[in-house]
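First up is the structure itself, then whatever we jot down about it.
The values are calculated or read from the model by the stated rules, or taken from the named source; none is laboratory data. Note that the structure is a prediction, hence the values are computed from the model and not measured. Glycine also receives a Cβ, built like all others from the backbone with ideal geometry; neighbour counts cover every protein chain displayed.
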Amino acid sequence: MADRDQVTGLGRLLGAVATQHHEETGGDGDRWAEWYADRLVGKIDSFVGFDPTVEQIVGWLRRADEKYRAEEPETRWPFFYAELILDSMALEPWPPGPSVGGSPPDQ
């Protein structure tokens, strides 16, 4: 289970990016995950423990969105996404250690 402070911090970051997205685009667009990921690169590393690529962040966001829509939890989405992302890092840490292969987890 993800650390509460980390979930809160990442959730706040996601919320801030969401505000920016809505101000700049009106919240529209099929490529929202790419838009978010472009803004999260270089900011999310302190939460996940490494500097992920845009593609990795897009995968995390799309999986979190799919799960959020399926479960319809009471938790506000930024914090739900944050917990899901951080929990997935605990299960499948990336990047791999020196003795592990070199491809990222399935997206």
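Starting from residues that are in contact with a Phe, Trp or Tyr (Cβ under 8 Å, 6 or more places away or on another chain) and part of a helix (DSSP H, G or I), keep the ones in segment 16-47 and report whichever is farthest from residue 3 (Cα to Cα). Quick ask: steps written out before the conclusion?
First, pick out the residues of segment 16-47 that are in contact with a Phe, Trp or Tyr (Cβ under 8 Å, 6 or more places away or on another chain): 17-18, 21, 25, 29.
Next, only the ones that are part of a helix (DSSP H, G or I) stay: 17-18, 21, 25.
On the way: 17: 21, 18: 22, 21: 27, 25: 32 Å.
So the residue we want is 25.
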Any residue in segment 69-81 that is of a type in the set (A, V, I, L, M, F, W, C), at pLDDT 90 or above and within 12 Å of residue 7 (Cβ to Cβ)? yes
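Given the criteria on the phi < 0 side of the Ramachandran plot and in contact (Cβ under 8 Å) with a residue 12 or more places away in the chain, does residue 31 qualify? So that I can check it myself, show each step before the final result.
Details: on the phi < 0 side of the Ramachandran plot: yes; in contact (Cβ under 8 Å) with a residue 12 or more places away in the chain: no.
When the stated conditions are applied, residue 31 does not pass them.
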Whichever residue in segment 17-29 is more than 13 Å from the chain's Cα centre (by Cα) and not acidic (Asp, Glu) and, among such residues, is surrounded by the fewest Cβ atoms within 10 Å (Cβ to Cβ): 26
Return the residues of segment 50-74 that are exposed (fewer than 15 other Cβ atoms within 10 Å of the Cβ) and outside any helix (DSSP H, G or I); say none if nothing qualifies. 50, 51, 53, 72, 73, 74
In this structure, does residue 41 turn out to be of a type in the set (A, V, I, L, M), over 17 Å from residue 77 (Cα atoms) and modelled with pLDDT of 90 or more? yes
